[in-house]
1. Using θ = phi - 60° and the Karplus relation 6.51 cos²θ - 1.76 cosθ + 1.60, list the HN-Hα couplings for the stretch 343-353 in order, rounded to whole Hz, with x at every Gly or Pro.
2. Using a Gaussian network for the chain with springs between C-alpha atoms less than 10 Å apart, which of these wobbles most: Pro338, Pro281, Pro110?
3. Could you tell me how far the Cα centroid of the stretch 22-48 sits from the Cα centroid of the stretch 67-143, in Å?
4. Output ³J(HN,Hα) for the stretch 263-275: one whole-Hz value per residue in order, computed from phi by the Karplus curve 6.51 cos²θ - 1.76 cosθ + 1.60 with θ = phi - 60°, and x for Gly and Pro.
5. For the stretch 78-228, state the average projected area of the convex hull of the C-alpha atoms over all orientations, rounded to one decimal in nm².
6. Separation of the stretch 149-204 and the stretch 289-322 by C-alpha centroid, Å?
7. In cubic angstrom, how much convex hull volume per residue do the alpha carbon atoms of the chain span?
8. Can you give me the long-range amide H partners of His328? Hydrogens built in the peptide plane at 1.01 Å from N, cutoff under 5 Å, separation of 5 or more residues or another chain.
Amino acid sequence: MTLTSLLPADHPINVSDTGDSRLALACRGERSGPRPVWFMRQAGRSLPEYREVRRGVAMLDSCLMPELAAEITLQPIRRHGVDAAVLFSDIVVPLKLAGIDVEIVPGVGPVVARPIRTVGDIRALPELDPAALAPVEDAIRICTAELGATPLLGFAGAPFTLASYLVEGGPSREHLVTKAMMYAEPAAWSELAGWVARTTAAFLRAQVLAGASAVQLFDSWAGGLSLANYTEHVASHSATVLSAVADLPVPRIHFGVGTGELLPAMRDAGATVIGVDHRIPLSVANARLGGTTPLQGNIDPAALFAGREALHRHTLDVLREGDSAPGHIVNLGHGVPPDTDPDVLTELVAFVHDQP
Ligand code: CP3
């Protein structure tokens, strides 16, 4: 056990050895015993017990009810035996806590009532009062008490992905207004991304201090950017977020969808582990990263619907590919689809744990 004074004395890394969990070891590039496995969106609509407790409660309200958020966080641990819990929350929670009028519309995603389009809009953005994060911290304290040696992952949305929701006003395929702002008004863009970075960084750091043992930064929509756009307009803001926890002894996973061209830049933004979607093999990701960065991924979520034999075959491919990297955390290439049969996930966890 490595007691660290960088974290509170009662942090799970200090009292429950989560810093030596399977997840933490793989994040440090150590290979011994079964590979760790967890799933993005493991908490959610695929679980009947989730649908039951969420009935009649709006998504973002549920994130801010500590007992409920902790219960939902624990559901996939009890059911699937995954190697990490991921806090039940959402990337837009810190925006809401700062005072932005945002809600999550079922089947659509985050919708922002008044999109941010002008320099005036950007300058009027409210600063997040750290005290507003109390419900998130309380949820973490409740669930880490039950998690014991299983690490809790905290997470945040990266500046580009969050700024896209703010500027477009909702989900967008092409992020046209956001990217046009980047090209036409780089200074305004930078102010906006800077605000998002401060806000989402405070959310991430609060989670670690409250008990998260690892973090993941989701830049879900960064795959819509060229490498040149990413390095010029985005990477420094993502680096601000990752640097907000870089003094703390927790792994920093950085994930995006369709970001095969951006992997080294995403690592250089300050990540210690790179999450890879299912569009490129892990050996290719590893080669692009120079063979020095532990990887997370990348079972195609569609394979969950392909039947046991095909899923096992695909999973064995992913494990073999992952063996090329210094460390491998098994995950999907993106989130669990809502209509996934949860028994398929439970069985997949056991299958991964059974592999030498
Ligand atoms: O992974 C987990 O289990 C932890 C919880 C988590 C949620 N959202 C809960 C949630 C995490 C890590 C997120 C991150 C998130 N939220 C991202 C990045 C990850 C990704 O998928 O790329 C993004 C882009 C969002 C924004 C968002 N929130 C979307 C697009 C949606 C889906 C809307 C829909 O109904 O299709 C949400 C809602 C959301 N966030 C749900 C959950 C469990 C579903 C809400 C419900 O049950 O109705």
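Taken together, the values in this text are just the output of simple stated rules run on the coordinates, not laboratory data. This is a predicted model, so every value here is computed, not measured. FYI the Cβ positions are ideal-geometry reconstructions off the backbone, even for glycines, and counts take in every protein chain you see.
1. 5, 5, 5, 4, 5, 5, 4, 4, 4, 4, 5
2. Pro338
3. If you average the Cα positions of each part, the centres end up 22 Å apart.
4. Once rounded to whole Hz, the list reads 4, x, 5, 5, 5, 5, 6, x, 8, 9, 9, 10, x.
5. About 9.8 nm², averaged over all directions.
6. 29 Å
7. 119 Å³
8. Leu295
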